[in-house]
Amino acid sequence: MNMSEPLLQLLLANTNSYISGEEISRQLQISRTAVWKQINKLRNQGYEFDAIPRVGYRLKQKPDRLNTLMLLSQLKSSVMGQQIKLLESTPSTQIIAQQMAEQGAPEGTLVIAEEQTSGRGRMGRAFHSPSGKGIWMSLILKPQTSLQFTPQLTLLIAVALCRALQRLVPISIGIKWPNDLLVGTKKISGILLESSAEDERVRYCIAGIGISVNMDPEDYPEPLREVATSLKIESGSKVDRTAIITEFLAEFETLYALYNEQGFAPIRTLWEALSISLHRPITINTLQGKVIGIAEQLDELGALWITESATGERRKIFSGDVEFHR
């Protein structure tokens, strides 16, 4: 039986006082263990509690939920985000967006979930996407380009997101090649671009974007706490998720139009200005092994030029994971 709703109603009726686990157990006719499990379930949905041993629980804060009408009313873009599908929970917004693209959804359609239960990042990695604490979204794009140029779109998205976040949050954010956004050495956002093509022409692309917005340290599994952070942790205050989404869509629409008019060159310049991977010693883990050297610049397709430390050879890397040297 799902007791989260009656438990939430009970806590909402007692927001100015603590209610003991024993009293909750008595009123809902469930065990103390079941009370604890339901409290944790609500925590995972973004509710915050004051909990004092032998005193009880008090609801401190309700989660900040996204709202479709609010998003549409604040849009500054004319194409991107004009159609929005907002989900409470889904395995992955990428899967839903792909289904919608196959059914003919127009470019700019946005799928957002409060929670992803099987979110994924680059190279098939799991992407931690708890309820109400971040932005987990997928954007349908229909670029008039060939498949070989799609890596440029990933870099374009990273530039648009970095510029949008820098305007909204007073912290220093940079791009790690190819598309992770970092504060210092910790990741706040990842981007995944998946394409469908026919005869080397792109039918559509699905841009998956995950942003850790209002997560607290305890929201991360232990292994992620050393490598991941959130806008709230770094800035010291909660950030409006609706503002981030609408600001990003407007910035992306502007840069996407620039890209369609002038090609990749201006986007490459912007990316290099925001990069934290260039002109420093790095290791790139590729499928062929490790490459150690100094990253120099992007090429015209978005690959990374690197001068190897051991040989002085200049190489072009198309895919891999960057590690910074301490």
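Would you tally the residues in the stretch 36-80 being in a loop (DSSP other than H, G, I, E, B) and either touching a Gly at 6+ places or on another chain (Cβ under 8 Å) or farther than 30 Å from residue 105 by Cα (or both)? Looking only at that region, the number is 14. Of the helices (runs of 4 or more DSSP H) that lie entirely inside the stretch 223-280, those containing 1 or more residues that are hydrophobic (A, V, I, L, M, F, W, C) and more than 28 Å from residue 292 (Cα to Cα) span 231-235, 241-262. Any residue at all in the stretch 143-164 that's on the phi > 0 side of the Ramachandran plot and either part of a strand (DSSP E or B) or surrounded by fewer than 23 Cβ atoms within 10 Å (Cβ to Cβ) (or both)? Checking the stretch 143-164: not a single residue is on the phi > 0 side of the Ramachandran plot and either part of a strand (DSSP E or B) or surrounded by fewer than 23 Cβ atoms within 10 Å (Cβ to Cβ) (or both).
For residue 207, state whether it is in contact (Cβ under 8 Å) with a residue 40 or more places away in the chain and under 20 Å from residue 172 (Cβ atoms). No: the conditions fail for residue 207. Looking only at the stretch 38-54, which residues are over 19 Å from residue 88 (Cα atoms) and either in the same structural domain as residue 113 (by TED's automatic domain parsing) or surrounded by fewer than 13 Cβ atoms within 10 Å (Cβ to Cβ) (or both)? Scanning the stretch 38-54 gives 50, 52, 53, 54. Do you know which of the residues in the stretch 95-114 that are more than 25 Å from residue 64 (Cα to Cα) and not in a loop (DSSP other than H, G, I, E, B) is nearest to the chain's Cα centre (by Cα)? Applying the filter and picking the extreme gives 98. Does residue 90 satisfy the condition of being within 22 Å of the chain's Cα centre (by Cα), crowded, with 16+ Cβ neighbours inside 10 Å, among the β-branched types (Val, Ile, Thr) and modelled with pLDDT of 95 or more? Judged against the criteria, residue 90 is not a match.
Within the stretch 207-225, is even one residue surrounded by fewer than 16 Cβ atoms within 10 Å (Cβ to Cβ) and at pLDDT 95 or above? No, because not a single residue in the stretch 207-225 is surrounded by fewer than 16 Cβ atoms within 10 Å (Cβ to Cβ) and at pLDDT 95 or above. Select from the stretch 23-35 the residues that are exposed (fewer than 15 other Cβ atoms within 10 Å of the Cβ) and assigned to a helix (DSSP H, G or I) and write down the one among them that is nearest to the chain's Cα centre (by Cα). Among those that are exposed (fewer than 15 other Cβ atoms within 10 Å of the Cβ) and assigned to a helix (DSSP H, G or I), it is 33.
The values are calculated or read from the model by the stated rules, or taken from the named source; none is laboratory data. No experiment lies behind these values; they were computed from the predicted model shown. All Cβ positions, glycine included, derive from the backbone under ideal geometry; neighbour counts span all protein chains shown.
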